[in-house]
Amino acid sequence: MIPGADFNDLPKAIKLAEQYDEVYFAVGIHPYDIDMYDESIMEKYVNHPKCIAIGECGLDYFRLPEDEDEKIANIKKQKEVFISQIKFAKKVKKPLIIHIRDASNDSKQILIDYDAKEVGGVLHCFNASPHLLCLAEHNFYFGIGGVLTFKNAKKLVEILPKIPKEKLLIETDAPYLTPHPHRGERNDPYYTVFVSQKMSELLNISDSEIQDLTTNNAKKLFKEFSNLSWI
Ligand SMILES: [Zn+2]
């Protein structure tokens, strides 16, 4: 699954999705690219048969402007664009790929208030916030990536067993967050094996069961709303 972030790189994602059966893409605007948001462009891409989700979209308060007025305006705009994408996902009946950084409470509130449950989605790069665990009941899955294998991943390691098994997913966030022992190199989907191994160790479930579980969870989430027959 290649998530969208801005519209400039989407043609590359589409090309890959058209070339390889097992590759799909999502259309969406990342919180860093909110000025680019345009629903008519979303409409254009979402009708592609291999576009099966909306995102990344969400809230990111990690890199806000220093000026107080600009900061308030930026947060306001981030929320507006996030809400628009939730409404859009509900309109086109596709699940959401959610990006949350330093904004757990606002993100949770918006997802609940705007009834994102109707389409569900994945909290990508789940940041181990206990406040977000309740979203499992709102049809949200938890994307676990390379961070789980890092030596300083204490929070995520502790919270992992609290995530309902049927809501666990594995992701790359490639080219970032490469799992140990390849940390620092460019990330690649192949390296998800290190995440599943670590998950297997922590949850005391065999590695092949973890792979089956997370693959089936992904199929359930993305197929349920996409009219695709790819199982
Ligand atoms: Zn992200």
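The values are calculated or read from the model by the stated rules, or taken from the named source; none is laboratory data. Being a predicted model, the structure only gives us computed values, none of them experimental. Virtual Cβ from ideal backbone geometry, glycine too; neighbours counted across all protein chains shown. Calculation scope for accessible area: heavy atoms of the full protein, side chains included, ligands and nucleic acids excluded. Shrake-Rupley method; radii C 1.70, N 1.55, O 1.52, S 1.80 Å.
Key figures for this structure:
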{"item": "Projected-area mean, region 39-84, by convex hull of Cα positions, square nanometres", "result": "3.9"}
{"item": "Prolate/oblate/rounded label for region 151-191 (Cα gyration tensor, a/c 1.5)", "result": "oblate"}
{"item": "Whether region 166-227 is rounded, prolate or oblate, judged on the alpha carbon gyration tensor where a/c under 1.5 counts as rounded", "result": "oblate"}
{"item": "Segment residue 69-residue 39, extension gain: residue separation times 0.36 nm, minus the distance between their alpha carbons", "result": "8.1 nm"}
{"item": "Debye intensity ratio in log₁₀ form over the Cα atoms of region 12-69, taken at each q of 0.13, 0.24 Å⁻¹", "result": "-0.43, -0.98"}
{"item": "Helix-only [θ]222 nm of the chain, DSSP H runs n ≥ 4, -39500 (n - 2.57) each, per residue, nearest 500", "result": "-12000 deg cm²/dmol"}
{"item": "Region 60-172: antiparallel DSSP beta bridges as a percent of all, rounded to 5", "result": "0"}
{"item": "Neighbourhood net charge (13 Å Cβ-Cβ; Lys/Arg +1, Asp/Glu -1) for residue 17", "result": "-1"}
{"item": "Overall Cα dimensions of region 70-205, principal axis frame, Å, largest first", "result": "40, 33, 26"}
{"item": "Carbon plus sulfur fraction of accessible area for the chain, probe 1.4 Å, in percent", "result": "50"}
{"item": "Listed residues 49, 31, 11, most fluctuating in the chain (Gaussian network, C-alpha, under 10 Å)", "result": "11"}
{"item": "Contour minus Cα-Cα distance for residue 202 and residue 19 (0.36 nm per residue)", "result": "62.2 nm"}
{"item": "Dimensions (Å) - the chain, Cα atoms, principal axes, largest first", "result": "47, 42, 35"}
{"item": "Translational diffusion coefficient (Stokes-Einstein; Kirkwood radius from C-alpha pairs) of region 11-133 at 37 °C, 0.692 mPa s, in µm²/s", "result": "219"}
{"item": "Net charge, residue 3 excluded, C-beta distance under 15 Å - Lys, Arg +1, Asp, Glu -1", "result": "-3"}
{"item": "Shape box of region 121-171 [Cα atoms, principal axes, largest first, Å]", "result": "31, 19, 15"}
